[in-house]
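Here is the structure we will look at, set down as structure tokens.
Each reported figure results from applying straightforward, stated rules to the coordinates on display, with no laboratory input. Everything numeric here is computed off the predicted structure, so don't read it as measured data. No Cβ is skipped: glycine too gets one built from the backbone with ideal geometry, and neighbour counts run over all protein chains shown.
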Amino acid sequence: MRVLWVCNIVLPRIAERLGMPKSNKEGWLSGISETLLEDEESEIELGVCFPVGQEKDGVCGEAGGLSYYGFYEDTEHPEKYDVELEGRLAKILEQFRPDVVHVFGSEFPHALAMAKVFGERDRLLISMQGICSECAKSYTIGVPSAVCKKKTFRDWLKKDNILKQQEKFLMRGQNEKAALQLTGNVAGRTVWDKQVLEKLAKDAKYFKWNETLRSNFYGKEWKLKNCEKYSIFVSQGNYTIKGLHFVLQAMPEILKRFPDTKLYVAGDKITAYSSQKDKIKIGTYGQYLLQLISKNGLQEKVIFLGKQDAEEMCGQFLKSHVFLSASLIENSPNSVGEAMLLGVPVVSSEVGGVPSLFEGEKEGLFYPVEDTKKLSAQIVRIFEDDALAERLSGAAKVRAAKTHHPKTNYERLLEIYHEINVCV
């Protein structure tokens, strides 16, 4: 069976062949592809296509048994649908001639383009990741109206303030809905994404398929005695959906009880403001976060780590007292899964598909997304109760080990492919 993957990243094996930098994103894709290639009993012949810059449009070849194809896509503007994508993807289909096409992520223009040109809905599978229409609905929760409307020089130049960003998610959501309505098969992993699919494309068949996480998160274990006491780790805060504004508002209450608390934030440093270049590049949301840091006296309490590779992220998880997911909306964030797999105590907003990942009070702690007092109270509970931290840690590890079991999830993927292929 010939299966073509449509990915949003260049897999490391291919990036090395093409002399391109390796992506730190979606490392689980690398793991599954390597397992497929190493499985001598598998009948799957795997091809992968992915977006590249204009200079590499049409690049193709073979890397250790993996056929690959690059196509040009304007990844800087995923809200814009380029009809020329259809021609580029049609050429790849003609070259590889797949039995099944598997698109990872419904939120990119190439998902809709592939659904259109492949044209065989019963042999098309789309994995739901982020759901843009739902992100758009939640995009401005907790952000003052004046901040949403404001424009910095960067926002004016890029036509990209908070309201414009929300509008772009709405546009992406429209393309996403169109793509889902053109496919006969959708893979998801939470009660929530199944409910959303029933609204967007009720005729598509839903397959439950849990994700396998990045390989370096397996076999390691968080220990309370080894962590930096009273440290909070947030894996991203570079746009409103990640809810960092709520975290900064909750910090004063936490500091009243535990004045040594530190908040570590990974990802793009959108609050950088030390140089003239930084001041030109800063967006409205970055400015708003700086205002909250100043207002709440958090200058010495918030540490922006910048981009982290997989090993650095794993290390930060292991030395944190609590992992916090403060998102306004999520499906099943890999960061929560990674924290649970390691055993880091998790506090999360109770949104979207996250309740499918853990049971509140048993494997982690929830709070209502806009309730900063409950957010701070849940953090404080873990800080002051080592027994609670240990109990949550142990239960989370057991749950995550099942949810993200590599062999189980690999075998489930093969089942899905065979079921689709047999039904054609």
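For this structure, a couple of remarks:
- Rounded to 5, percent antiparallel among DSSP beta bridges of the chain: 10 percent
- Within segment 10-76: Cβ-based charge dipole about Cα centre, in debye rounded to nearest 20 (Lys, Arg +1; Asp, Glu -1): 340 debye
- Among Ile282, Phe383, Gln308 the positive-end extreme of the charge dipole of segment 216-403 (Cβ point charges): Ile282
- Mean Cα-pair separation over length for segment 216-403, i.e. relative contact order, pairs under 8 Å, 6 or more apart, %: 27 percent
- Checking the Cα-Cα distances for Lys80/Lys374; Lys168/Lys277; Lys220/Lys307; Lys223/Lys373 against a 30 Å cut-off, the pairs over it are Lys80/Lys374.
- Gap separating the Cα centres of segment 108-153 and segment 263-303, nearest whole Å: 26 Å
- Glu16-Arg391 pseudo-label distance in nm [points 7 Å out on the Cα-to-Cβ vector]: 4.6 nm
- In the chain, the C-alpha radius of gyration followed by the widest Cα-Cα span (Dmax) gives 21.7, 64 angstrom.
- Across segment 326-342, coupling constants 3J(HN,Hα) worked out from phi with the 6.51/-1.76/1.60 Karplus curve, θ = phi - 60°, read 9, 4, 6, 7, 8, 8, 9, x, 4, 4, 5, x, 5, 4, 5, 4, 7 Hz, and Gly and Pro carry x.
- Ranked list, fewest to most other Cβ atoms within 10 Å of each Cβ, for Ser138, Ser335, Ser42: Ser42, Ser138, Ser335
- Residue order, fewest to most surrounding Cβ atoms within 10 angstrom, among Met340, Met1, Met128: Met1, Met128, Met340
- Separation of alpha-carbon centers, segment 325-382 and segment 169-243, rounded to whole Å: 14 Å
- Calculated FRET value between Ser215 and Met171, using beta carbons and R₀ = 41 Å, to 0.05: 0.70
- Note on His102, His405: ascending count of other Cβ atoms within 10 Å places them as His405, His102, the fewest first.
- Gained length - Glu43 relative to Arg381, 0.36 nm times residue gap less alpha-carbon distance: 116.6 nm
- Net lengthening on full extension, Ile303/Asp99 (0.36 nm per residue, minus Cα-Cα): 68.6 nm
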